[in-house]
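To start, the structure under review is shown below, and the notes come after it.
Each reported figure results from applying straightforward, stated rules to the coordinates on display, with no laboratory input. This is a predicted model, so every value here is computed, not measured. Here the Cβ positions follow ideal geometry from the backbone for every residue, glycine too, while neighbour counts run over all protein chains shown.
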Amino acid sequence: MTTPREEVEQLLSQAYQATQLMLEGAPGFDPFSLVMNHEGEINIVNAVLGMPGEEHPIEQRIGYARHVLRTMAAKKEAKATALVCMGQIRFAGDEDYTDAVIIEVEHEEDGAVTFYVPVETQGKKYELGEPIAKRCAPSVFQQEGDGEQSGC
């Protein structure tokens with residue numbers, strides 16, 4: 001039997017692999033989610049807001065993806081989730097922002113961690129740098145009365 005930490009590591013590994021595929025030949029991608037069910041299977045969840053072809057601000061698309069993950073968690077269809085999107089971060093001491101992949105990983109038994117992974121550009125190739133992890137309040141596996149939270 002695997003531990004929650006091992007399941008989080010497995011989910012994070014799958015998120016990295018999917019992210020690397022998304023970045024092949026493209027500077028970015030739409031937010032997507034991975035869900036581990038109670039049997040340990042990992043599936044991609046593409047939560048699309050509105051009708052095909054409609055444009056929505058990134059904040060709305062991420063908010064909708066979190067809503068779908070919360071719904072799956074409430075129905076016990078997920079025991080761990082990863083929400084993956086592109087963003088920018090600024091390191092302490094730097095004036096400029098750096099492109100980054102942001103991976104919000106949650107486990108029903110192990111809380112939430114957000115990984116900020118710098119994206120290094122080498123010509124038309126995109127390499128993932130060393131992740132920076134930050135423990136945060138859950139936004140998917142919330143306790144009753146927590147209200148809506150927006151992750152880290």
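For Glu55 and Gln17 in one chain, what is 0.36 nm times their gap in residues minus the Cα-Cα distance, to one decimal in nm? Don't skip to the end; give the middle numbers.
On the way: separation 38, 0.36 × 38 = 13.68 nm, distance 2.68 nm.
Computed gain between Glu55 and Gln17 is 11.0 nm.
Springs between alpha-carbon pairs under 10 angstrom, Gaussian network model over the chain: which of Val48, Val105, Val119 fluctuates most?
Val48
Does a label point 7 Å from the Cα of Ile132, set along Cα-to-beta-carbon, have any residues of the stretch 59-101 with amide nitrogen under 15 Å, and which are they?
Residues 87-101 qualify, since their backbone N sits under 15 Å from the label point.
In deg cm²/dmol, rounded to 500, what helix-only [θ] at 222 nm does the chain give when every DSSP H run of at least 4 residues adds -39500 (n - 2.57) and the total is split over its residues? Intermediate values should be presented prior to the final figure.
Details: 2 runs with 37 residues, N = 152.
Value at 222 nm, helices only, nearest 500: -8500 deg cm²/dmol.
When the chain is modelled as a GNM with alpha-carbon springs shorter than 10 Å, which of Glu54, Glu106, Glu127 fluctuates the most?
Per the Cα network of the chain with a 10 Å cutoff, Glu54 tops the list.
Computed over the Cα atoms, what is the radius of gyration of the stretch 4-136 divided by 2.2 N^0.38 Å, N being its residue count? Walk me through the intermediate numbers first.
Details: Rg = 15.0 Å, N = 133, 2.2 N^0.38 = 14.1 Å.
That works out to 1.06 for the stretch 4-136.
Which whole-number percent is the relative contact order of the chain (Cα, under 8 Å, 6+ apart)?
On the way: 266 pairs, mean separation 31.0, N = 152.
It rounds to 20 percent for the chain.
Listed highest first by mean packing, meaning other Cβ atoms within 10 Å per residue, what order do 85-91, 64-70 come in? Display every interim value, and only then the final one.
Working: 85-91: 15.1, 64-70: 20.7.
Final packing ranking: 64-70, 85-91.
Pick from Val113, Val140, Val84 the residue whose mean-square fluctuation is largest in a GNM of the chain, springs joining Cα atoms under 10 Å.
Its mean-square fluctuation being the largest, the pick is Val113.
What is the calculated FRET efficiency for His67 to Asp94, with r their C-beta to C-beta distance and R₀ = 41 Å, to the nearest 0.05?
On the way: r = 33 Å, r/R0 = 0.81.
After rounding, the FRET efficiency stands at 0.75.
Using the alpha-carbon atoms, what tilt in degrees (0 to 90, nearest 10) does helix 58-74 show relative to the longest principal axis of the chain?
With both axes taken from Cα atoms, the answer is about 30 degrees.
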